[in-house]
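Single-structure report; data block below.
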Amino acid sequence: MSAVTDVLVVAPHPDDDVIGCGGSIAKHVRDGARVTVVIVIGRERSALDDSVSDAAFAAETEAAAKALGVHRCIRFDEPSRDFVLSRRVHLDLVRVLREVRPQVVYLPHDNDDDVEHRMVHRLTVEALWMAGSEFFQETGGRPMPAPGLVLGYEVWAPMARFQYAEDIDGQIETKVEAMRAYVSQLRHAAWDEGIRGLARYRGALSKGSGHAEVFQVLALGAAPAPGAGGGDRD
């Protein structure tokens, strides 16, 4: 019996994991992986969803995770627009990394337009180094081996160049269903239509048709990508 693959997705905000790599998450789950999602920054209220309580919004997050088959969703609830790359938040992520010991890690790509996405990219890259070092013993746990695969996903700014495309034809409806769990966010924009359109565009670019998610490859080793690394199974 083969070992279970552990996957960690680091999302700056609620729903970024769904938009950026929701299809790949569902594909990992289909293949028997355990997926943990860390959402770093808490909800940013707007006039469009101010009537939605924090408990109701948290329920949307849980419903989206359930739709994708996420094993565990961890919320740091860092303050939006006041978020800083403190030692504390680094150590919080190191604790999760040393507990989960993922073989595959997803994070925002390094040139996303949203400043908090770029900050979470930097946070995750630094925490990966910290989690593998002999230092930071206050986090508990043993230093973890480096993940075999680290991939940057797109949300606000589609990547001009990508190194890997994952076929998500078999997961696109699951991804859209997860996005629709964020009822309050759909009041801002038709994100469900947007992610379907982006996936179709990426599918046309990478394989001529269908749906795909594309990624920046930040580290590549022995860990399997969804679909046993081929990116062409649905």
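Just so it is clear, none of the values below were taken in a lab; they were calculated from the coordinates. These figures come from a predicted structure and were not determined experimentally. Neighbour counts run over all protein chains shown; Cβ positions are idealised from the backbone, glycine included.
Between Trp129 and Val115, what length comes free when the chain is fully extended (0.36 nm per residue of separation minus the Cα-Cα distance, one decimal in nm)?
So the chain would gain 2.9 nm between Trp129 and Val115.
Could you please rank Val52, Val120, placing first whichever residue has the fewest other Cβ atoms within 10 Å of its Cβ?
With the sparsest Cβ surroundings first, the list reads Val52, Val120.
If R0 is 25 Å, what FRET efficiency do you get for Leu91 and Gln163 from their C-beta distance, rounded to 0.05?
The calculated FRET efficiency here is 0.25.
Put +1 on the Cβ of every Lys and Arg and -1 on every Asp and Glu Cβ in segment 6-220; which of Leu91, Ala64, Ile41 then has its Cα farthest towards the positive end of the dipole?
Checked the options; the winner is Leu91.
What is the Cα centroid distance between segment 185-225 and segment 93-156, reported in whole angstrom?
Centre-to-centre distance over Cα atoms comes out at 21 Å.
Where nothing but the Cβ of Lys and Arg (+1) and of Asp and Glu (-1) is charged, how large is the charge dipole of the chain around its Cα centre, in debye to the nearest 20?
Approximately 500 debye in magnitude.
Can you sort Met119, Met179 so the residue with the fewest Cβ neighbours within 10 Å comes first?
Met119, Met179
At what distance in nm do the modelled label points of Arg101 and Ala190 sit from each other, each positioned 7 Å from its Cα along Cα→Cβ?
My value for the distance between the label points is 4.7 nm.
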